[in-house]
Amino acid sequence: MHYKTRGVVLISVLLIVLLLSSIAVLIGNNYFVSFKRAQYIEFQSVSLNVFRNIESLAIKKLNNELRFNSKLHSKNNPLFTNNFVFEANQGIVTGMIKDASNCFNINSIVVWDKNDYQPNNKNIEIFKRLAELNELDLNLVNEAIDQIIDWIDNDSNPRQFGLEDYFYSGPLNSPKEYTGTRLFHSVSELKSIPGIRNIGWKFFNDNVCAFPDNSLKININTLEIKDDILLASMFDDMSQIEAQFIIDNIPKNGFKNIADLKESFPSYQFEEGKMHVKFSSSNFKLISTFTYDDLFSESISRIYYGKDNNGSNHSYIISRIYNGI
C-alpha cells in the first residue's frame, strides 16, 4: 500500500509539472508576441518621426537650391547626388531626392477657360502619341480621355465617350461617388475611371503622373533611356530611335537653354515657346528608408516647388506612401 501511494504521488507530481510547463510555454509565447508587437509599434512610431525629419531636411535643401538656381538641374546636381545618410544605434537612415518631372502630367489635358476646364487639344495629341508609341488601342485611349475630362470639368454634360455623375452614383457602380470637378491630386485616382481599367494600369503607372497644376514640361537634362518614348511623344516627327540618340548625348552638366540644345542637335527642330521641354524641374521624389536590426520601412514623398496663395515660391509635400510600417 505504501508503494502504491508513492506511485500516485509521483504521477501527480509529473502531471503538475507537465501542466505548469504547458502554462509556462503559453505565457512565454504570449509574452514573446506582446514583446514583438511592442517592438513593431515602437518601430512604426520611430519610422514616422524619422521620415518627417528627412522630409524637413529635403524641403530645406530644395528651397535653398531652387532659390538660387532654378534654371538648370542636371544629373550631377548636388540635389540628386548628395544623399542623406545617418546612423543611430543599430539603425540606418537614408534619403534620396530624384527628379520626378519626367512623366505625362494627366492634368495637362485640360486648360482653365470660360470658368471651367476645357480640353487642351495640343496636350491631348501628345498623350495620344505617347499611347500609340506604347502600342495601345487608340479607341480605348479616346474613351479614357473623354472620361478623364468629364471627371475634371464642372458641367454635367458627358462627352462622346464620357461619364458624368449619373454613372458613378448609379446602381452599377460601387462604391457610390461623384466626379471630382477638380484636377487629380494623385495618379491613383484614375483607377476609379472605367476607361482606365480597359487599357490596363501598367501604362499609367509607368508613364503618367498628377501634379497640382495643368502644365506639361519635362526636364531633358535628367532623362534616362527608359524615357525615350516620353521624349519622342513631345515632338510630331521624332522617332523612338532619335529620342534614344538625344538622351545618349545629353552632357553630364546638362543643357543650359534652348540655344545650347539647338547647337548640339542642329538637325532637329527645337522651337522655343512651342516645346514641352525645359532644363530644370519643380517636381521631385524623396525616397527615405529606415533599417533597424531586421526591420525595414520606406517612405516615398512627392515634393512640388511652386507658388502658394501669397505668390511666394516654396516646396511642399503633395503625397506620401509608406511601406513596411
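FYI, it's all coordinate maths here, none of it is from the lab. As the structure is a prediction and not an experimental result, all values here were calculated from the model. Note: ideal-geometry Cβ built from the backbone for every residue, glycine included; neighbour counts use all protein chains shown.
Check the straight Cα-Cα distances from K226 and name the aspartates and glutamates below 18 Å, setting aside those fewer than 8 residues away within the same chain.
Cross-link targets: D99, E132, E135, D206, E242, D248.
Rounded to the nearest 500 deg cm²/dmol, what is the calculated helix-only ellipticity per residue at 222 nm for the chain, with -39500 (n - 2.57) per DSSP H run of length n ≥ 4?
On the way: 10 runs with 138 residues, N = 325.
Calculated mean residue ellipticity at 222 nm is -13500 deg cm²/dmol.
Are there any GluC sites (Glu not before Pro) in segment 262-320 that are in a DSSP loop and have at most 13 other Cβ atoms within 10 Å? List them by number. All intermediate terms of the calculation are to be shown ahead of the outcome.
Details: sites: E263, E271, E272, E298; in loops: E271, E272.
In loop regions of segment 262-320 (DSSP not H, G, I, E or B), the sparsely surrounded GluC sites (Glu not before Pro) are E271, E272.
Quick one: plug the Kirkwood hydrodynamic radius of segment 126-213 (C-alpha pairs) into Stokes-Einstein at 10 °C, 1.306 mPa s, and report D in µm²/s. Don't jump to the answer; show the numbers that get you there.
Working: Rh = 13.4 Å.
Translational diffusion coefficient: 118 µm²/s.
What is segment 262-325's relative contact order, in percent, from Cα pairs under 8 angstrom and six or more apart in sequence?
In percent, rounded to a whole number, it is 24.
Indicate, rounded to the nearest 5 percent, the antiparallel portion of the DSSP beta bridges found entirely in the chain. Before the final figure, lay out the partial values.
Values: 38 of 42 bridges.
Taking every DSSP beta bridge within the chain, about 90 percent pair in antiparallel fashion.
Of (i) -0.38, -1.08, -1.24; (ii) -0.33, -1.12, -1.32; (iii) -0.51, -1.20, -1.29, which is the value of log10 I(q)/I(0) by the Debye sum over Cα atoms at q = 0.08, 0.14, 0.15 Å⁻¹ derived from the coordinates here?
Here log10 I(q)/I(0) by the Debye sum over Cα atoms at q = 0.08, 0.14, 0.15 Å⁻¹ agrees with entry (iii).
Could you work out how far apart the two model spin labels at N82 and S264 are, taking each label as a point 7 Å from the Cα in the direction of the beta carbon, and quote it in nm?
With each label placed 7 Å out from Cα toward Cβ, I get 2.4 nm.
Counting other C-beta atoms within 10 Å, and keeping those with at most 11, which DSSP coil GluC sites (Glu not before Pro) do you find in segment 51-156?
Those satisfying the criteria are E135.
How large is the charge dipole for segment 199-325, taken about the Cα centre, if only the Cβ atoms of Lys, Arg (+1) and Asp, Glu (-1) carry charge, to the nearest 20 debye?
Here segment 199-325 has a charge dipole of around 380 debye.
Of the options P251, L231, S264, report the single residue whose Cα projects farthest towards the positive end of the charge dipole of segment 230-279 (beta-carbon charges: Lys, Arg +1; Asp, Glu -1).
P251
Assigning unit charges at the beta carbon (Lys, Arg +1; Asp, Glu -1) and nothing else, what dipole magnitude in debye, to the nearest 20, does the chain show about its Cα centre?
Computed charge dipole of the chain: roughly 1580 debye.
In the neighborhood of Y178, defined by Cβ-to-Cβ distances under 12 Å, what is the net charge if each Lys or Arg adds +1 and each Asp or Glu adds -1?
Around Y178, the charge tally is -2.
Compute the signed sum of charges (Lys and Arg +1, Asp and Glu -1) over the other residues within less than 12 Å, Cβ to Cβ, of N283.
So the surrounding residues net to +3.
Take every Cα pair under 8 Å in segment 154-307 that's 6+ residues apart, average their separations, divide by the length, and report that relative contact order as a whole percent.
Reported as a whole number, the value is 15 percent.
Within the chain, which is the longest segment that contains none of the trypsin sites (Lys or Arg not before Pro) sitting in a DSSP loop with at most 14 other Cβ atoms within 10 Å?
1-70
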